[in-house]
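Asker: Before we start, here is the structure in question, set down as structure tokens.
Taken together, the values in this text are just the output of simple stated rules run on the coordinates, not laboratory data. Keep in mind that what you see is a predicted model, and the values were worked out from it rather than measured. FYI the Cβ positions are ideal-geometry reconstructions off the backbone, even for glycines, and counts take in every protein chain you see.
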Amino acid sequence: MIAPIDWTIKTTALRMIDEPRLTPIPNNIILNKVITGLGATYSEIRADRHSILVLPHKCQINNKHADHQSIDYTFPVTEKQSTTHLVNHIINRKGRKVKFLSTPEGLGKVISAIQRTGGNPYTDYFLLLDEFHNLTKDSGYRVNITSAMSHFFKFDNKAMISATPFKPTHPGFNGFTFTKVDHHRQVRKDIELLTVNNLGAAFKEYIDNYKGDLLFIFFNTLNGIHALMQNCNLQNAANVYCSEDGVKNFDLKNFKNAFNEIKPKQVAKYNFLTSSFFNGLDITGLDKIPDILILTDIKYVAHTIIDPNTDTYQILGRFRPDNYEDDQRDRYNSATHIINTRHFANVKLEDRVIQEFPSSKKRYDQVIELQATTTDEFLRIEV
């Protein structure tokens with residue numbers, strides 16, 4: 001559900017940093033920026049204050065750090081960096097404003113590092129949860145992603161931003177301002193929807209008839225991507241962009257063109273991307289304007305399902321002009337979504353899901369109680 005609006009800001013600014021009512025980002029605000037590419041992350045990195053920016057995926061962190069590290073004092077926080085590395089970054093700042101770019105799971109490490117240097121993270125730093133809808137969307141497979149919220153409400157200065165926000169229900173959000181940006185320009189995105197019975201056959205037909213020069217294919221399944229490349233003989237004409245674990249998965253399949261970051265000058269004619277690249281990533285510097293193909297194979301695996309209120313809108317906003325003065329925010333030729341259907345799909349509305357929470361929580365607590373009684377060390381740790 002999209003969050004209710006308490007305040008609407010009407011603006012003609014192309015960048016958030018050019019809108020004085022949003023720069024610096026106000027405290028205790030949940031901002032629906034409506035369009036992708038408004039520059040919320042850029043605005044906070046340039047803000048004259050210490051900041052912790054929480055981004056959903058490592059590829060976004062690396063992308064933003066690469067753009068800013070030569071000018072701003074940014075530091076990427078993933079599992080590769082120890083608390084000592086973060087402490088050294090703070091100590092060596094030489095009067096500069098510290099800008100930590102962290103995954104949600106890494107926020108605790110940032111807080112620990114600040115405290116080790118004698119600072120107070122909750123008063124000295126502004127906390128921004130960027131693309132915060134991912135805290136909900138990714139919680140099904142990232143068990144610790146919501147751990148950031150245990151720290152969020154402790155910060156004196158904080159905000160959450162997304163172009164596709166969900167309605168938060170935590171009582172801690174009482175007193176927050178829900179703000180929507182009215183851009184005074186067209187924000188609707190056009191896309192062709194193709195409903196098919198056989199996704200593999202439909203994809204092959206699309207590829208056989210594709211006359212463009214550059215195609216980005218968004219499909220959230222590593223095995224599904226591998227199968228499509230084999231069926232259409234694309235192994236020598238395609239790149240795959242996925243998580244670091246996904247790159248290792250393709251390496252085991254003897255496919256060497258899998259990467260965990262996008263380098264514009266090294267893209268192939270056909271480029272497959274998993275969900276790590278759906279949100280918050282600026283894809284610029286391409287020599288050609290791409291076409292976009294989104295795939296959903298509900299018969300194969302459920303996590304390929306694309307949410308039109310979040311995933312589709314975010315995907316179409318990945319491709320940006322190199323010049324911010326260009327009003328054409330999204331840079332692609334065409335967008336197509338191919339989806340198959342299942343005749344007997346179960347759909348649960350929000351009220352039904354909320355009703356089931358107590359019984360689900362009860363079953364979870366029972367499993368935890370049983371876990372505490374086992375003498376098997378593996379079960380005590382892993383379950």
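Asker: In µm²/s, what is D for the chain at 10 °C and 1.306 mPa s, where D = kT/(6 pi eta Rh) by Stokes-Einstein and Rh is the Kirkwood radius from Cα pairs?
Answerer: 70 µm²/s
Asker: Report, in whole Å, the centroid distance computed from the Cα atoms of segment 259-325 and segment 146-222.
Answerer: Using only Cα atoms, the two centres lie 11 Å from each other.
Asker: Hey, if you put +1 on the Cβ of every Lys and Arg and -1 on every Asp and Glu Cβ in segment 263-321, which of 276, 266, 308 ends up farthest toward the positive end of that dipole?
Answerer: Checked the options; the winner is 266.
Asker: Let me ask something else. Sum up the charges of everything whose Cβ sits under 15 Å from the Cβ of residue 172, counting Lys and Arg as +1 and Asp and Glu as -1, but leave residue 172 out.
Answerer: +2
Asker: For the chain, modelled as a GNM with alpha-carbon contacts under 10 angstrom, which of 164, 341, 373 fluctuates the most?
Answerer: Looking only at 164, 341, 373, the largest GNM fluctuation is found for 373.
Asker: What order, most packed first, do the peptides 170-182, 357-369, 32-44 have when packing is the mean number of other Cβ atoms within 10 Å of each residue?
Answerer: The packing order, highest mean first, is 32-44, 170-182, 357-369.
Asker: What spacing in nm lies between the two simple spin-label points modelled at residue 374 and residue 289, each 7 Å away from Cα in the Cβ direction?
Answerer: Between residue 374 and residue 289, the simple spin-label model gives 5.7 nm.
Asker: So if I place +1 on the C-beta of Lys and Arg and -1 on the C-beta of Asp and Glu, and nothing else carries charge, what would the dipole magnitude of segment 20-177 be about its Cα centre? I want it in debye, nearest 20.
Answerer: Dipole about the Cα centre, nearest 20: 180 debye.
Asker: R0 = 35 Å: FRET efficiency of residue 266 with residue 223, Cβ-based, nearest 0.05?
Answerer: Computed FRET efficiency for residue 266 and residue 223 comes out at 0.90.
Asker: With runs of 4+ DSSP H residues as the only contributors, calculate the mean residue ellipticity of the chain at 222 nm using -39,500 (n - 2.57) per run, divided by the residue total and rounded to the nearest 500.
Answerer: -8000 deg cm²/dmol
Asker: Here's something else I'd like to know. Can you tell me the length gained on complete extension of the stretch residue 298 to residue 27, counting 0.36 nm per residue apart and subtracting the Cα distance?
Answerer: Additional length available on full extension: 93.5 nm.
Asker: Could you check which residue among 140, 280, 317 shows the biggest mean-square fluctuation in a GNM of the chain with a 10 Å Cα cutoff?
Answerer: 140
Asker: Also, quick follow-up: Please go through the residue pairs 10/288; 80/154; 269/348 and name each one whose alpha carbons sit more than 28 Å apart in this structure.
Answerer: The answer is 10/288; 269/348.
Asker: Still on this structure, please answer the following. What's the ranking of 68-76, 246-254, 288-296 by average number of surrounding C-beta atoms within 10 Å, highest first?
Answerer: 288-296, 68-76, 246-254
Asker: Mind checking which of 127, 77, 141 is farthest towards the positive end of segment 1-141's charge dipole, using Cβ charges of +1 (Lys, Arg) and -1 (Asp, Glu) about the Cα centre?
Answerer: Comparing the listed Cα positions along the dipole, 77 ranks first.
Asker: Follow-up. Using per-residue counts of other Cβ atoms within 10 Å, averaged over each peptide, order 206-216, 112-122 from highest down.
Answerer: Highest to lowest by the protection proxy: 112-122, 206-216.
Asker: Once you list every other residue whose beta carbon is under 13 Å from the beta carbon of residue 148, what net charge do they have if Lys and Arg are +1 and Asp and Glu are -1?
Answerer: 0
Asker: Let me ask you something else. Taking 7 Å along the Cα-to-C-beta vector as the label spot, tell me the residue 208-residue 88 distance in nanometres, rounded to one decimal.
Answerer: Label at residue 208, label at residue 88, 5.7 nm between them.
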